[in-house]
Amino acid sequence: MSLQSQGFQRIPKPQAKFCNLAISGTSRRNEKAVGGNVMSLREKKKARREAPEGVLKFKLNACSKRGDVVEGLRLYDEARKNGVELNQHHYNVLLYLCSQNGGENVSDLRKQGFEIFQQMIIDKVPPNEATFTNAARLASAMEDPEMAFDLVKQMKGFGILPKLRSYGPPLFGFCKKGMADKAYEVDAHMIEYGVVAEEPELSALLKVSADVNNADKVYELLHRLRTSVRQATESTVGIIEDWFKCKHAAKTGKENWDVSKVKEGVARGGGGWHGQGWLGCGQWRVVRTQMDKEGVCGSCGERLACIDIDPRETENFAISLSKLALGRDVKADFIRFQDWLQRHGPFDAVVDGANLSLINQQTFSFSQLNSVVHRLHDMSPSKKLPLVILHKSRVTGGPAQSPYNTKLLERWKNSGALYVTPAGSNDDWYWLYAAVCCKCLLVTNDEMRDHLFQLLGTSFFPRWKEKHQVRLSVSRSGIALQMPPPYSIVIQESENGSWHVPTTTNDDLETPRQWLCATRPIKS
């Protein structure tokens with residue numbers, strides 16, 4: 001069922017000019033003089049809040065928090081009756097309320113939602129990405145993914161770029177209905193607009209591909225999961241497991257293949273995959289298992305690969321990291337650190353001093369930090385002290401003032417193994433940049449998941465972290481360093497056609513990771 005068949009006209013592309021119109025009459029009224037005097041900023045804000053449009057915004061926001069669609073629609077009808085000028089925010093909240101609610105009158109709510117969307121266009125209120133996404137959710141709730149996709153495609157006419165969330169309604173809708181070809185069409189549209197699918201989208205595409213026995217698509221999507229997700233959640237692993245156990249998977253694959261091409265593919269990809277298609281034939285043996293410390297599968301005995309990182313990727317990562325740091329930290333301070341690192345580096349290891357000194361400690365422990373430094377010094381191929389990064393506040397007060405700790409800090413400083421980040425700086429930029437530039441180990445228990453690290457993207461950074469991060473565990477028997485594994489924790493495809501899929505785990509270092517192992521007999 002299309003938007004047109006519902007009685008709504010397709011939004012013509014020329015209306016894209018609406019995006020450039022100033023639509024808020026409220027703000028113009030608020031700038032008028034009152035009693036011959038120019039209004040202050042505070043008075044303007046108060047006037048906006050107390051204007052009919054401001055009061056409506058406040059009440060609709062409250063409805064949004066409560067999920068009260070009935071009251072929201074009542075406010076909408078009242079506002080139109082009283083001639084209140086609705087803006088983009090008002091309409092988006094109303095569309096959101098209609099798209100999120102169910103119940104007995106769900107079809108009426110969806111219809112009212114589309115009437116509101118159409119009224120927004122009639123009133124020449126410029127829609128944005130949220131407008132179209134909420135409208136697409138309405139279509140999806142009506143089980144009309146075709147309409148939802150049509151709405152996403154109409155965004156181009158308004159100069160609006162779709163986001164990942166914009167594609168969810170049509171993509172998941174088509175997948176739910178088993179319309180694989182239409183789901184692939186949505187996926188292709190995402191790729192065209194540079195929108196990167198994440199695990200939920202890839203998992204949905206994988207399931208619909210498996211359901212329609214599209215083995216080539218399943219193969220492609222496993223590799224996309226390998227590239228962008230690396231480790232799969234339990235729900236995704238369940239879909240993969242079901243595929244390998246199905247009859248069609250047993251019938252899929254080459255009985256004979258070019259071994260040299262497979263080896264070339266492995267070498268070209270850096271190890272862990274070849275990309276030459278399904279190898280082998282016959283029933284798959286599918287089990288849940290674990291890897292030993294060397295990466296040997298507990299089920300099939302195959303040893304997993306340690307996948308290479310292209311040196312150029314590391315160099316480009318260091319450059320992008322430097323740009324981000326210079327844009328968010330005090331520029332002169334970070335440039336000074338880069339110059340210092342050039343003179344004193346490279347190092348075999350970089351230590352996040354603040355993080356390690358507080359593990360299982362009530363107060364900052366220089367003793368614990370010193371134990372880590374000694375351990376790393378003993379392990380160092382060059383017998384060089386690791387670089388310790390500490391913020392200025394950690395070396396000027398508190399425990400740093402004790403005679404022992406003062407001497408310790410002085411010794412590190414004289415050895416060129418201590419860098420003190422200045423007040424107001426974020427030492428995360430410093431220790432991460434140093435480790436990347438030196439191509440060395442980074443010792444920290446920081447999981448590096450906050451906003452700062454999200455800026456680094458999801459492609460290279462997880463691979464780099466896996467190969468370089470050393471974690472610390474502290475117990476009664478002392479400290480222990482958890483070194484990077486000698487194999488890559490990522491979906492792997494072997495030269496003989498078997499697959500190993502790692503599941504995601506929590507941050508507990510003692511909990512062994514579960515893997516899915518899928519193999520089939522190799523004909524000699």
Cross-link partners among aspartates and glutamates for Lys57, C-alpha distance below 17 Å, same-chain residues fewer than 8 apart left out?
-> Asp68, Glu71, Asp77, Glu78, Glu85
Around Leu222: net Lys/Arg minus Asp/Glu count, Cβ-Cβ under 14 Å = -1
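Just need the relative contact order of the chain here, percent rounded to a whole number, with Cα pairs under 8 Å and 6+ apart.
Numbers: 713 pairs, mean separation 66.7, N = 524.
The value is 13 percent.
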Here the FRET efficiency for Asp292 versus Gln454, based on Cβ atoms and R0 = 35 Å and rounded to 0.05, is 0.60
PRE reach from Ser402 (point 7 Å along Cα→Cβ): which of the stretch 356-380 fall under 20 Å by backbone N?
-> 356-375
Of all accessible surface on the chain at a 1.4 Å probe, what whole percent is carbon and sulfur?
-> 50 percent
Farthest toward positive dipole pole in the chain [+1 Lys/Arg, -1 Asp/Glu at C-beta], among Ala305, Val195, Asn426 = Asn426
Area of Thr227 that stays accessible when all protein chains are in place (1.4 Å probe, Å², to 10) | 80 Å²
Pairs from Lys81/Lys111; Lys124/Lys153; Lys245/Lys467; Lys383/Lys465 whose Cα-Cα separation, in the structure shown, is over 22 Å | Lys245/Lys467; Lys383/Lys465
Debye intensity ratio I(q)/I(0), log10, the chain, q values 0.06, 0.12, 0.13 Å⁻¹ (C-alpha model) = -0.44, -1.15, -1.19
When we measure straight from the Cα of Lys156, which aspartates and glutamates land under 13 angstrom away, once same-chain ones fewer than 8 places off are left out?
-> Glu129, Glu192
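Once the Cα gyration tensor of the stretch 255-345 is diagonalised, what are the square roots of 5 times its eigenvalues, in whole Å and ordered largest first, as equivalent ellipsoid semi-axes? Kindly include the intermediate steps, with their values, before the conclusion.
Numbers: eigenvalues 381, 61, 30 Å².
One finds semi-axes of 44, 18, 12 Å for the stretch 255-345.
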Going 7 Å from the Cα of Ile335 in the Cα-to-Cβ direction, what parts of the stretch 421-439 have a backbone nitrogen less than 17 Å from that spot?
-> 422
Accessible heavy-atom area order of Ser425, Ser299, Ser393, highest first, probe of 1.4 Å = Ser393, Ser299, Ser425
Quick numbers on the stretch 436-496, Rg and Dmax over C-alpha atoms in Å, give 14.1, 45
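Can you work out the accessible area per residue across the chain, with the rest of the protein chains kept in place, probe 1.4 Å, in square angstrom?
Numbers: 26480 Å² over 524 residues.
Each residue of the chain exposes 51 Å² on average to a 1.4 Å probe.
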Listed residue (Val266, Val372, Thr519) projecting farthest to the positive dipole end of the chain, Cβ model = Val372
Asp123's amide H: which non-local residues (gap 5+, or another chain) put their own amide H closer than 5 Å, with H modeled 1.01 Å from N in plane and none for Pro or chain starts?
-> none
Test item: Cα-centred dipole of the stretch 94-200, Lys/Arg +1 and Asp/Glu -1 on Cβ, debye | 180 debye
Under the helix-only model (-39500 (n - 2.57) for each DSSP H run of 4 or more, divided by the residues of the chain), the mean residue ellipticity at 222 nm, to 500 deg cm²/dmol, is -16000 deg cm²/dmol
Tell me, what HN-Hα J-couplings in whole Hz come from the Karplus equation 6.51 cos²θ - 1.76 cosθ + 1.60 at θ = phi - 60° for each residue of the stretch 444-449, using x for Gly and Pro?
-> 6, 9, 5, 6, 6, 10
At 20 °C and 1.002 mPa s, the Stokes-Einstein diffusion coefficient in µm²/s for the stretch 348-414, with hydrodynamic radius from the Kirkwood sum on alpha carbon pairs, is 175 µm²/s
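Please give the net charge around Phe149, taking every other residue with its beta carbon less than 9 angstrom from that of Phe149, where Lys and Arg add +1 and Asp and Glu add -1.
Values: positive: Lys153, Lys182; negative: Glu146, Asp150, Glu185.
Combined, the nearby Lys, Arg, Asp and Glu give -1.
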Roughly how many Å² of Trp257 are accessible to a 1.4 Å probe, to the nearest 10?
-> 80 Å²
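Based on Cβ point charges of +1 for Lys and Arg and -1 for Asp and Glu, what charge dipole magnitude is obtained for the chain about its Cα centre, in debye rounded to the nearest 20?
Computed about the Cα centre, the dipole is about 1120 debye.
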How do the peptides 319-331, 108-120 rank, highest first, by the average count of neighbouring beta carbon atoms within 10 Å per residue?
-> 108-120, 319-331
At what distance in nm do the modelled label points of Ala423 and Ser393 sit from each other, each positioned 7 Å from its Cα along Cα→Cβ?
-> 1.1 nm
With a sphere of radius 10 Å drawn around the Cβ of Gly168, what net charge do the other residues whose Cβ falls strictly inside it have (Lys, Arg +1; Asp, Glu -1)?
-> +2
Please give, to one decimal in nm, the separation of the simple spin-label points placed at Leu481 and Gln514, each 7 Å out from Cα toward the Cβ.
-> 3.3 nm
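What is the gain in length, in nm to one decimal, between Val212 and Ser415 on full extension, counting 0.36 nm per residue of separation less the C-alpha to C-alpha distance? All intermediate terms of the calculation are to be shown ahead of the outcome.
On the way: separation 203, 0.36 × 203 = 73.08 nm, distance 6.45 nm.
Contour length minus the Cα-Cα distance gives 66.6 nm.
The values are calculated or read from the model by the stated rules, or taken from the named source; none is laboratory data. These figures come from a predicted structure and were not determined experimentally. FYI the Cβ positions are ideal-geometry reconstructions off the backbone, even for glycines, and counts take in every protein chain you see. With ligands, DNA and RNA removed, areas are computed over all heavy atoms of the protein, side chains included. Shrake-Rupley method; radii C 1.70, N 1.55, O 1.52, S 1.80 Å.
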